[in-house]
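The values are calculated or read from the model by the stated rules, or taken from the named source; none is laboratory data. Computed from a predicted structure; not experimentally measured. Glycine also receives a Cβ, built like all others from the backbone with ideal geometry; neighbour counts cover every protein chain displayed.
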Amino acid sequence: MLGSNSAIKSFFLNGPAGRLEALLNLGADNASHAALLCHPHPVYGGTLHNKVVFHAMKALNSCGFPVLRFNFRGAGLSEGEHAHGEGELDDVRVALDWLEREYLLPIVFAGFSFGAAVGLRAVCPDQRVRALISLGMPVAPIDDRRYDFNFLAACTKPKLFVSGSRDQFAPKAQLEQMIASVPDPKKLVFIEAADHFFAGRLRELRETMESWVKEVLAPSISP
C-alpha cells in the first residue's frame, strides 16, 4: 500500500505504451470502494487536470473513496501516442489492475466525454467495477468522431448519466432515446443551463454525483 502521509500522491503506472502519469487522492481508512476517473479527449486538451474531472474527483473523494486519475497515452507526461480510443482501453485496464492490487476494494468508475466513451467500454464487463458514472456522454458526432454505445445494452450495473441541458454534443432528445434502451438500474440527470463542460454548474454536478453514490452504495458508505 502507498503511505497515507499526504492527501495526494503523484506517480506513474506501467502502461502498455509506456508510463502513464497518475494522481491518487487518498481516501478514508475504512473506505468501502475505490474510484477510477477518466478524462476527456487528449487531442483536444483533455487531461487529468480537467475541471470536470477535478470536481468529479472531489465528489467521489468526499464519500471516503481513494480516487485514481491518470493521463491517457500521449497526454500530459504519459508516454505513447493517441490510439483513437482503442489502445486507451488497455490504459483503463492497467489503472483498474493497479487499483485492485492496491486496495482490494470494489471500484466505482466515472468518465467525462471521451473518458466516458472509452472507459465505459472497458469497465462494463469488468466484475471489479460495481457502479458507473458517465458525464457529458458524447452521443452526437463530434467532427469525424462517432462513438458506439451499443455495448451498454448488456450493462446491468447501477449507472448514472449526467449531462448539461445545453450540451452541444448530447442533444437532450437523442440522449434520452439512447438511455431508454439501457437496462436498469440507471438514472439520467440533466443539469439545467449547463453546456458540455458544465461551465458555471460544476457545484450542481458534484452534488448530483455525491447524492447518487450515497443512495446507490448505502449503507456501505459511512456518514
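For Arg146, all conditions in the list (1) modelled with pLDDT under 95; (2) touching a Phe, Trp or Tyr at 6+ places or on another chain (Cβ under 8 Å) hold save one; what is the number of the exception?
Of (1) modelled with pLDDT under 95; (2) touching a Phe, Trp or Tyr at 6+ places or on another chain (Cβ under 8 Å), only one is false for Arg146: (2).
Please go through the stretch 165-223 and pick out each residue that is surrounded by 13 or more Cβ atoms within 10 Å (Cβ to Cβ), assigned to a loop (DSSP other than H, G, I, E, B) and acidic (Asp, Glu).
Asp167, Asp195
Looking at (1) surrounded by fewer than 19 Cβ atoms within 10 Å (Cβ to Cβ); (2) in contact (Cβ under 8 Å) with a residue 24 or more places away in the chain; (3) not aromatic (Phe, Trp, Tyr), which is the one condition that is false for Lys159?
So Lys159 meets the others, but not (1).
Among the residues of the stretch 56-73, is any outside any helix (DSSP H, G or I), of a type outside the set (Val, Ile, Thr) and at positive phi?
We begin by selecting, within the stretch 56-73, every residue outside any helix (DSSP H, G or I); these are 63-73.
When the remaining residues are screened for being of a type outside the set (Val, Ile, Thr), the result is 63-66, 68-73.
Then drop every residue that is not at positive phi, which leaves 64.
Yes, some residue in the stretch 56-73 is outside any helix (DSSP H, G or I), of a type outside the set (Val, Ile, Thr) and at positive phi.
Cβ-Cβ below 7 Å, separation at least six or inter-chain, first residue in the stretch 121-134 and part of a helix (DSSP H, G or I), second modelled with pLDDT of 95 or more and not hydrophobic (A, V, I, L, M, F, W, C): which pairs?
Close Cβ pairs (under 7 Å, with a partner that is modelled with pLDDT of 95 or more and not hydrophobic (A, V, I, L, M, F, W, C)) amount to Ala122/Arg93.
Under 8 Å between Cβ atoms, which residue pairs at least 6 apart in sequence (or on different chains) link something in the stretch 189-204 that is under 14 Å from Phe54 (Cα atoms) with a partner that is crowded, with 19+ Cβ neighbours inside 10 Å and of a type in the set (Lys, Arg)?
none
When the stretch 76-99 is examined, which residues are found to be small (Gly, Ala, Ser) and out of contact with any strand residue (DSSP E or B) (no Cβ under 8 Å at 6 or more places or on another chain)?
Ala83, Gly85, Gly87 - these are the residues of the stretch 76-99 that are small (Gly, Ala, Ser) and out of contact with any strand residue (DSSP E or B) (no Cβ under 8 Å at 6 or more places or on another chain).
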